[in-house]
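First the structure, in the form of structure tokens, and then the observations on it.
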Amino acid sequence: CGNDRGALVIITWNVQWCRGCDGKVNPQRIARTALGLADFDVLCLQEVARNFPELEGSAGEDQFAMLADALPGYTLIEAIATDRLGANAGRSQFGNAIFTRLPVLQAYRHLLPWPPDPSVASMQRVALEVVLEAKSGPMRVTTTHLEYYSATQRMAQVGRLRGLQAEAAAHA
């Protein structure tokens, strides 16, 4: 796969709705930067948005589609955590994405627990799991973005991820 040693190359990145350090939202720049980092086989992205103009620097662009256009040869698998009525009666969506050039055997989307915690603002979270056909055989990759501000929510999410791992291992 990804390099001359045959090693699989995976990048994971919280892109914060494709906003750079300069505050500008630019999905194409995110794709160019990822491609410049490594000849990757799998790119896991967290905090990708569609039709969310209220996010700082965003015009409500479909970042999933823009990233896919900028990454030809890669398959996009997306997982939406937050899906609500948005601008112009469209859906405002926020979640994670995996781009891969490996064959995708299966894809699963797992909503993570979101127990109430009135002390912090928070949103629904999702784990995106794919099973890929690697040279060594099927390989499971999961990406997510855990709640940062609420330890209660984060620990519930970690518990669910541990359960998903135990379940996957039992099926193996």
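Evaluate the following for E147: is it under 30 Å from R32 (Cα atoms), open to solvent by less than 30 Å² (accessible area, probe 1.4 Å) and not in a strand (DSSP E or B)?
yes
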Inset, instruction - Could you please let me know if M139 is assigned to a strand (DSSP E or B) and not β-branched (V, I, T)? - result: yes
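Please go through the range 77-101 and give me each residue that is modelled with pLDDT of 95 or more, of a type in the set (A, V, I, L, M) and farther than 29 Å from L35 by Cα, ordered by number.
Matches in the range 77-101: L85 only.
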Inset, instruction - For the range 28-70, name all the residues that are touching a strand residue (DSSP E or B) at 6+ places or on another chain (Cβ under 8 Å) and farther than 28 Å from M123 by Cα. - result: L37, A38, F40, D41
Inset, instruction - Return the pairs, sorted by first residue and then second, in which the second residue is open to solvent by 60 Å² or more (accessible area, probe 1.4 Å), the first residue lies in the range 36-61 and is among the aromatic types (F, W, Y), the beta carbons are less than 7 Å apart, and the residues are 6+ apart or on different chains. - result: F40/I10
Inset, instruction - Determine which member of the set S136, S122 is among the hydroxyl-bearing types (S, T, Y) and open to solvent by 60 Å² or more (accessible area, probe 1.4 Å). - result: S136
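Collect the residues in the range 97-120 that are aliphatic (A, V, I, L, M) and within 27 Å of M66 (Cβ to Cβ), keeping them in residue-number order. Walk me through it before giving the result.
The first filter runs over the range 97-120 and keeps only residues aliphatic (A, V, I, L, M), leaving 97-98, 102, 104-105, 107, 111-112, 120.
If the condition is that a residue be aliphatic (A, V, I, L, M) and within 27 Å of M66 (Cβ to Cβ), then A97, I98, L102, V104, L105, A107, L111, L112 are the ones that fit.
The values are calculated or read from the model by the stated rules, or taken from the named source; none is laboratory data. Just so it is clear, the structure is predicted and the values come from calculations on it, not from any experiment. Backbone-built Cβ (ideal geometry, glycine too); neighbour counts: all protein chains shown. To get the accessible areas, we keep the full protein, side chains included, count just its heavy atoms, and leave off ligands, DNA and RNA. Shrake-Rupley method; radii C 1.70, N 1.55, O 1.52, S 1.80 Å.
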